[in-house]
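The values are calculated or read from the model by the stated rules, or taken from the named source; none is laboratory data. Quick caveat, the model's predicted, so the values are computed rather than measured. Positions of Cβ are backbone-derived with ideal geometry, glycine not excepted, and every protein chain shown enters the neighbour counts.
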Amino acid sequence: MGTGPLREWPQDIRPRERILTHGPQALSHQELLAILLGTGRGPGESALDLAVEILRWAEERYGSGLFSLARVSGDELCKIPGVGPAKASRLVAAMELGRRVLAGRQPGLPVQSPADVAAWLQPQLGHLAQEQVVVIWLDARHRILGHETVSVGSLQEALVYPREIFRGALIRHAAAVIVAHNHPSGDPTPSREDWTVTQRMVEAGQVVGVEVLDHIIVAADSFVSLRQQGWVRGEGAEKKRR
């Protein structure tokens, strides 16, 4: 790997040229970040050097991996020497575009497993420092009708009422819903509050005729389906046991 400004490197090893000739998959996290940065902190330091420093800074504060960078705000980035408003804006914009691309699951697509939902929601929720509760509306064939965030804050701090869960579902004539929320700690293990809220939602769904298909807890790189754990017992499961 070269030293000094990227423009002085041989063309065949510059990240910007390599991404065009070999594709983005061939580049490391640091190289992709260097392309966004464009320049380093000054003479003798490349954008790649600065990219390495930014990733190290983020991981020291928010854990390993790119999810740590996704949790860094623009204000925090500006405090890193060599990262001014222009560079910080580019990085924040790139992370948000990535989240929006991964979050762009089209309405009408069927949900076939909890892993489908987790893969969709982790880019949106997994990096957040505060809990958010999302409701996904489904038709009778479990195809997505849409989704919305109904609560911000932990289940202890921001109580999730059934009316908030089912209001959108009733307006859209949904047959079922999937509820999901994130655990900022990185551990998706269900808490006592998760269990209590889930049972209340299932019971309310039976009253209004909207099935709670699952309650999924996501973290940055893992998830738990309460239904798979046997914690969601809808009307259909009750009939089977009788």
Seminar exercise, completed: All-but-one check, VAL101 against (1) under 22 Å from ARG163 (Cβ atoms); (2) surrounded by fewer than 17 Cβ atoms within 10 Å (Cβ to Cβ); (3) at pLDDT below 90; (4) not basic (Lys, Arg), failing number (1)
Exercise. Could you count how many residues in the range 56-73 are within 24 Å of GLY42 (Cβ to Cβ), surrounded by 14 or more Cβ atoms within 10 Å (Cβ to Cβ) and not aromatic (Phe, Trp, Tyr)?
Worked result: 4
Exercise. Got a sec? Which of ILE171, ILE144 is aliphatic (A, V, I, L, M) and touching a residue at least 24 places away in the same chain (Cβ under 8 Å)?
Worked result: ILE144
Exercise. So which of VAL177, VAL202 is in contact (Cβ under 8 Å) with a residue 12 or more places away in the chain and part of a strand (DSSP E or B)?
Worked result: VAL177
For this session: Search the range 1-38 for residues being among the polar types (S, T, N, Q) and part of a loop (DSSP other than H, G, I, E, B), and hand back the single one that is modelled with the highest pLDDT.
Result: SER28
Seminar exercise, completed: The number of residues in the range 39-55 that are surrounded by 14 or more Cβ atoms within 10 Å (Cβ to Cβ) and in a loop (DSSP other than H, G, I, E, B) is 5
Problem set entry | Candidate set from the range 74-94 (those that are crowded, with 19+ Cβ neighbours inside 10 Å and of a type in the set (A, V, I, L, M)); member that is nearest to LEU36 (Cα to Cα) | LEU91
For this session: Return the only residue of GLU148, GLU131, GLU164 being acidic (Asp, Glu), outside the structural domain of LEU66 (by TED's automatic domain parsing) and touching a helix residue (DSSP H, G or I) at 6+ places or on another chain (Cβ under 6 Å).
Result: GLU148
Problem set entry | Number of the exception - GLU60 against (1) modelled with pLDDT under 90; (2) closer than 28 Å to GLY186 by Cα; (3) part of a loop (DSSP other than H, G, I, E, B) | (3)
